[in-house]
1. Filter the stretch 1-14 down to the residues that are under 19 Å from the mean Cα position of the chain (by Cα) and either of a type in the set (Val, Ile, Thr) or not in a helix (DSSP H, G or I) (or both), then identify the one that is nearest to Asp69 (Cα to Cα).
2. Quick test for you: out of Leu17, Leu54, pick the one residue that is over 13 Å from the mean Cα position of the chain (by Cα) and surrounded by 14 or more Cβ atoms within 10 Å (Cβ to Cβ).
3. Condition test on Arg48, is it open to solvent by 70 Å² or more (accessible area, probe 1.4 Å) and more than 23 Å from Gln20 (Cβ to Cβ)?
4. Can you spot a residue in the stretch 104-123 that is over 24 Å from Val21 (Cα atoms) and in contact with a Lys or Arg (Cβ under 6 Å, 6 or more places away or on another chain)?
5. Identify the single condition in (1) of a type in the set (Val, Ile, Thr); (2) over 11 Å from the mean Cα position of the chain (by Cα); (3) open to solvent by 10 Å² or more (accessible area, probe 1.4 Å) that Val136 does not satisfy, given that it satisfies every other one.
6. Look at Pro22 and say whether it is open to solvent by 40 Å² or more (accessible area, probe 1.4 Å), outside any helix (DSSP H, G or I), free of Cβ contacts under 8 Å to residues at least 60 places away in the same chain and out of contact with any His (no Cβ under 9 Å at 6 or more places or on another chain).
7. Name the residue that is nearest to Leu134 (Cα to Cα), counting only residues in the stretch 15-57 that are in contact with a strand residue (DSSP E or B) (Cβ under 8 Å, 6 or more places away or on another chain) and of a type outside the set (Phe, Trp, Tyr).
Amino acid sequence: MVLDIFFEKEYWVVDFLPKQVPENAGGRFFSVEDYYLEPSRYVVLRDRFSDILLKLYCYYDLRLFIGDDTEGLFNPEPEMLASHIMDNQGNLCILIGASEALVTLGRDDTNLTVYAPSEDLLQLIRTLAGAVGLFVWKPDGLV
């Protein structure tokens, strides 16, 4: 699949935490993640992701891939895009612009992953994430 090339590139995380949790945190992260995966909190988190992606849509063409779809939906209606983000029916991949970057959201993820964004796109994502109380960070070990 054409999207596979992105998974080998640098990536950033859009998350409810400001940085990566250290390995020696005693598993507390998983307890907190379970807390955020409870339905009432999960909806709030997904709504924040939806807000970021809908605003990005104002600046870039988007192609939405759901599950194993290989063709994607080009510039879906905002309601459809938001619905797929909120529904939690499967993994989503969103190609931004003319293959400028890829955003992924797994079914039970509490974060977005952004692969290979340009500096301009990354700055816009940081601004949008901050506006909804989320953080953007690069995982440890990535240069």
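The values are calculated or read from the model by the stated rules, or taken from the named source; none is laboratory data. Just so we're clear, the structure is a prediction, and the values are computed from it rather than from any experiment. For neighbour counting, all protein chains shown are included, and Cβ atoms are generated from backbone atoms with ideal geometry for every residue, glycine included. Ligands, DNA and RNA are excluded from the accessible area calculation, which covers all protein heavy atoms including side chains. Shrake-Rupley method; radii C 1.70, N 1.55, O 1.52, S 1.80 Å.
1. Taking the candidates together, the pick is Val2.
2. Leu17
3. When the stated conditions are applied, Arg48 does not pass them.
4. So far as the stretch 104-123 goes, no, none of its residues is over 24 Å from Val21 (Cα atoms) and in contact with a Lys or Arg (Cβ under 6 Å, 6 or more places away or on another chain).
5. (2)
6. So Pro22 passes the test.
7. Applying the filter and picking the extreme gives Asp15.
Every residue, every condition in (1) in contact with a strand residue (DSSP E or B) (Cβ under 6 Å, 6 or more places away or on another chain); (2) closer than 17 Å to Leu3 by Cα; (3) of a type in the set (Lys, Arg); (4) open to solvent by less than 50 Å² (accessible area, probe 1.4 Å), yes or no:
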site: Gly72; (1), (2), (3), (4): yes, yes, no, yes
site: Pro76; (1), (2), (3), (4): yes, no, no, yes
site: Thr110; (1), (2), (3), (4): no, no, no, yes
site: Tyr115; (1), (2), (3), (4): yes, yes, no, yes
site: Asp120; (1), (2), (3), (4): no, no, no, no
